[in-house]
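Worksheet: one structure, shown below.
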Amino acid sequence: MCGGCGGGPQDRVAAQVQGPRRRRQIASRLTALLLRDTVRAVTAGWVVQGVTGQGTVCRTYDDLVAVVAASSGHTPAEIHAAGLHVDDPAFTDSAPTLTP
């Protein structure tokens, strides 16, 4: 499957992560949890990019959580919770408070 038909995988939290604004907010929050990598929102998901330029495309939120958890040392549950606080009016670009 090349993805050319527009039929992407089902995301179980699609209602909470759809739209460019929400994806950008999630990317910002999760980038704050990473030491060297960055998360960038794209049209149909996210790209986690390392310092060497190598990127991992994440088409679902669960994919993104798994990649960030593997790179950050935080548990998937912590990553999942930190990323979905996108509608918090107190949202800033600062890192969410998590204990290692």
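Laid out as a table, the results:
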| item | result |
| --- | --- |
| Total formal charge among the other residues, if their Cβ is under 9 angstrom from that of S72, Lys/Arg +1 and Asp/Glu -1 | -2 |
| Whole-Hz ³J(HN,Hα) from phi, Karplus 6.51 cos²θ - 1.76 cosθ + 1.60, for the range 11-17, glycine and proline x | 10, 5, 10, 3, 5, 8, 10 |
| Neighbourhood net charge (15 Å Cβ-Cβ; Lys/Arg +1, Asp/Glu -1) for C58 | +3 |
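Only the coordinates and a few stated rules stand behind these numbers; no lab work does. Predicted model only: the values in this text are computed from it and were never measured. Positions of Cβ are generated from backbone atoms using ideal geometry, with glycine treated the same way; all protein chains shown enter the neighbour counts.
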